[in-house]
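The values are calculated or read from the model by the stated rules, or taken from the named source; none is laboratory data. Since we're looking at a predicted model, the values are computed, not measured. As a convention, Cβ positions derive from the backbone with ideal geometry for all residues, glycine included, and neighbour counts pool all protein chains shown. These area figures cover heavy atoms from the full protein model, side chains too; ligands, DNA and RNA do not enter into them. Shrake-Rupley method; radii C 1.70, N 1.55, O 1.52, S 1.80 Å.
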Amino acid sequence: MLKNQIAIVTGASRGIGKEIAVKLAEHGVKLAIIGSSAQISETADDLRKKGFPHVLPIQADVSKEEDLQQVVSKTIEEYGHVDLLVNNAGVGFFKLTEEVTLEEWKKVFEVNVQGVFLATKAVLPHMKERKSGTIITIASDVARYTIANGSAYTASKYAVQGFSGSVAQEVREYGIRVGTINPGMVDTYFAESTQGLPEKQDWLKVEDIANAVVYMASAPKYM
């Protein structure tokens with residue numbers, strides 16, 4: 001069902017985003033993978049070595065509107081259209097609220113919320129014109145409850161959940177599906193932590209999140 005579809009995946013340099021790209025490629029999806037550093041080209045090389053030739057790496061800052069507009073334009077120029085957007089890029093700072101700097105607060109919202117808004121905004125006119133498309137955002141289980149020492153991150157995920165719900169209602173008539181995946185603790189690179197640490201052995205794995213994306217993207221339109 002996903003074969004030959006075109007997907008944009010943000011935050012795809014490593015961890016969850018890279019694994020999402022791998023799983024989609026395994027199902028025949030052609031990819032535009034987005035990362036904030038030159039590492040995204042290395043990730044594209046890794047994917048090609050795995051036997052997935054259709055990988056377009058784009059270095060972009062998801063908090064910048066011009067960058068996201070160019071991402072969509074380059075993807076359409078390369079592949080002709082966009083079927084799927086996966087908003088995966090995210091950051092987090094976990095400390096007492098009075099210890100969170102204004103710069104950290106802004107960074108969390110610029111990436112986690114503004115990035116989702118800008119990527120979604122950039123791709124929607126194209127999807128509306130085609131009357132087809134799927135937008136999946138990797139949120140968090142803290143989009144549904146609160147945790148101590150995570151005020152900025154939790155607030156950003158509540159915002160993403162609300163944003164996605166509103167957009168879903170706006171675009172349903174165009175045949176576009178919008179949803180979130182809300183995982184708990186995941187063994188990945190996040191908040192200055194690395195993947196594969198012993199204390200993370202019982203956490204969700206990046207493959208679990210990637211499989212959830214494939215499942216949601218593959219679901220019939222009426223779901």
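Just a few scattered comments:
- For Ile34, the solvent-accessible surface with a 1.4 Å probe is about 0 Å², rounded to the nearest 10.
- Taking amide hydrogens as placed 1.01 Å from N in the peptide plane, the amide H of Val178 sits under 5 Å from those of Ile135, each at least 5 positions away in sequence or on another chain.
- Heavy-atom accessible surface of the chain: percent carbon and sulfur, 1.4 Å: 50 percent
- Using a probe of 1.4 Å on the protein chains alone, the accessible area found for Asp67 is around 40 Å².
- Relative contact order, whole percent, for the chain stands at 21, derived from Cα pairs under 8 Å and 6 or more residues apart.
- Probe 1.4 Å - accessible area at Glu42, Å² to nearest ten: 110 Å²
- Prolate/oblate/rounded label for the stretch 101-150 (Cα gyration tensor, a/c 1.5): oblate
- Estimated [θ] at 222 nm from DSSP helical runs (n ≥ 4, -39500 (n - 2.57)) normalised by residues in the chain, nearest 500: -14000 deg cm²/dmol
- Amide H to amide H distances under 5 Å link Ala89 with Thr10, Gly11, where only residues 5 or more positions off or on other chains count and H is placed in the peptide plane.
- Candidates per trypsin sites (Lys or Arg not before Pro) in the stretch 26-117, loop by DSSP, up to 15 other Cβ within 10 Å: Lys50, Lys64, Lys95
- Computed over protein heavy atoms with a 1.4 Å probe, the accessible surface of the chain works out to 49 Å² per residue.
- More than 24 Å apart - percent of Cα-Cα pairs taken over the chain: 39 percent
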